[in-house]
1. From 118, 73, 77, 102, grab the single residue that is surrounded by 20 or more Cβ atoms within 10 Å (Cβ to Cβ) and in contact (Cβ under 8 Å) with a residue 40 or more places away in the chain.
2. Would you mind finding the one in 218, 232 that is out of contact with any strand residue (DSSP E or B) (no Cβ under 7 Å at 6 or more places or on another chain), within 10 Å of the ligand (Cβ to nearest atom) and farther than 30 Å from residue 175 by Cβ?
3. Which residues, counting only those in region 302-357, are under 22 Å from the mean Cα position of the chain (by Cα), in a loop (DSSP other than H, G, I, E, B), among the small types (Gly, Ala, Ser) and at pLDDT 95 or above?
4. Outside the structural domain of residue 287 (by TED's automatic domain parsing), over 23 Å from the mean Cα position of the chain (by Cα), of a type in the set (Val, Ile, Thr) and over 26 Å from residue 291 (Cβ atoms), is that true of residue 169?
5. Are any residues in region 261-292 touching a helix residue (DSSP H, G or I) at 6+ places or on another chain (Cβ under 6 Å) and within 13 Å of the ligand (Cβ to nearest atom), and if so, which ones?
6. Taking the residues in region 156-170 that are outside any loop (DSSP other than H, G, I, E, B) and not aromatic (Phe, Trp, Tyr) as candidates, determine which candidate is farthest from the ligand (Cβ to nearest atom).
7. Could you grab me the full set of residues in region 1-26 that are within 16 Å of the ligand (Cβ to nearest atom) and surrounded by fewer than 22 Cβ atoms within 10 Å (Cβ to Cβ)?
8. Looking only at region 5-47, count how many residues are within 24 Å of residue 164 (Cβ to Cβ) and out of contact with any Gly (no Cβ under 8 Å at 6 or more places or on another chain).
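The values are calculated or read from the model by the stated rules, or taken from the named source; none is laboratory data. Not measured: the values here are computed from a predicted model. Every residue, glycine among them, receives a Cβ derived from its backbone with ideal geometry; neighbour counts consider all protein chains shown.
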Amino acid sequence: MTGTSRRIAVFGAGYIGLVTGACFAELGHRVVVRDIRPERIGLLNSGEVPFFEPGLGDLISQNKERLAFTLDVHEAVRDAEVVFVCVDTPPTASGDADLSRVWAVVDALRDASHLVAVVVKSTVPVGTGARVRAALDERGLGHVGYAANPEFTAEGRAVEDFLRPDRVVIGASDAGVARWVADLYGAVDSPVELMDVASAEMVKLASNALLATRITFINEIATVCEATGADIGHVSRAVGLDHRLGPHFLKAGLGYGGSCFPKDSRALRAMASNSGYPFQLLNAVIEVNELQPRRAIQRLKTELDGLKGRRIALLGMTFKPGTDDMREAPSAIIASRLLAEGATVTCWDPMAPGADGHQEPWSSTTRLPDPLGAMTDADAAILVTEWPELTDVDWPAAARRMRNPLLLDGRNLLDPSVLLSAGFTHMGVGRAT
Ligand code: UGA
């Protein structure tokens, strides 16, 4: 390792906490990850990873001599030099971030006067760091440094994003603390952006909101393409070749989902509104994104002349491929709308957690183990998540099994000519067929 090996406590064994803990251990630090969920700590201590994330299990087992998991706050903090706060900040009914778990960690640090720094990685409204700083001061921890260090890891590539990031952002009012935290990333080869705490908090919210805006913008261009005969595939590719715009996040689809974009865009909108500025563009992004899966249902309804009594197959349920995460997945809106229209819904997904434990809408749908099974006797199929497995489906066989071979490719994954020659009616997003 380059740099000094430090003793780190990570609070929260969710996606962010576990990836942070495992990656810091990989960088040579000694890490204790603390969570309040006994079943989660139990799983981790028995060598299992509680969710799917490529490379994370290997990283945890390769670094097990430097990585411990505990329920006990004192065990986590006792020998630590720095505490990373990686707890979740779920939305409240008004869209604001619920910071109760962040405050619970701050409360737990009452006796941690030996710490060098407390670092918040959780996504929080701008101004949270200043409040945490004041709370630490009130608890007699004025000498403990504070830093905001937002994360930019995407699910499915979180380990890669942590170890080879585009940038490391550190916000701190004390330059010594900022450098100390930056040194923890020793072997990570990336620009380190040092700034004040509020700006670091804003970088995270602005990045996610801008990515969500790009996706929504291209989805709206796709809608106009459908109406005018242009093809979003050509448009996205050529637009993305402009070096000022770049090729990423220009894939039209059924709208963004997941645990971050929907939550963070609503949190930024609520924060702006609370500070007296109605964020009109972001408001429109959020509304358009909520409409996007509903538009797809409307197109299908028109094509099938009504959905009542129709059998519709959903191909893919997770919010994106390469994850088992169902949070804010467009598939849930699509299934609910179809059921409300009186359709029968079958579905397939290689990784979504079992249907039985699920609430509505999934308990009213039938889950099949393979795409062909889900499409059997269906009046239409909707490709919801671009799982690579779907490119290998025997499409002529699928057409023969369906009552009406119609596919709405909600992610423009498949080659329309393959489907047309298999006997399908093909509908894409933002293109004529
Ligand atoms: C996102 C960001 O990409 C990360 O940088 C960030 O750290 C993370 O949120 C977070 O805040 O923790 P993630 O939610 O895992 O990561 O997923 P993305 O790969 O960004 O996809 C989000 C959604 O946008 C998915 O539903 C995806 O299907 C959709 N999307 C993405 C599109 O519809 N079109 C695109 O071109 C790209």
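1. On inspection, the qualifying residue turns out to be 77.
2. The unique qualifying residue is 218.
3. Once the filter is applied, which keeps residues that are under 22 Å from the mean Cα position of the chain (by Cα), in a loop (DSSP other than H, G, I, E, B), among the small types (Gly, Ala, Ser) and at pLDDT 95 or above, region 302-357 yields 316, 329.
4. Judged against the criteria, residue 169 is not a match.
5. 261, 264, 265, 268, 285, 288, 289, 292
6. 170
7. Across region 1-26, the qualifying residue is only 14.
8. Matching residues across region 5-47 total 17.
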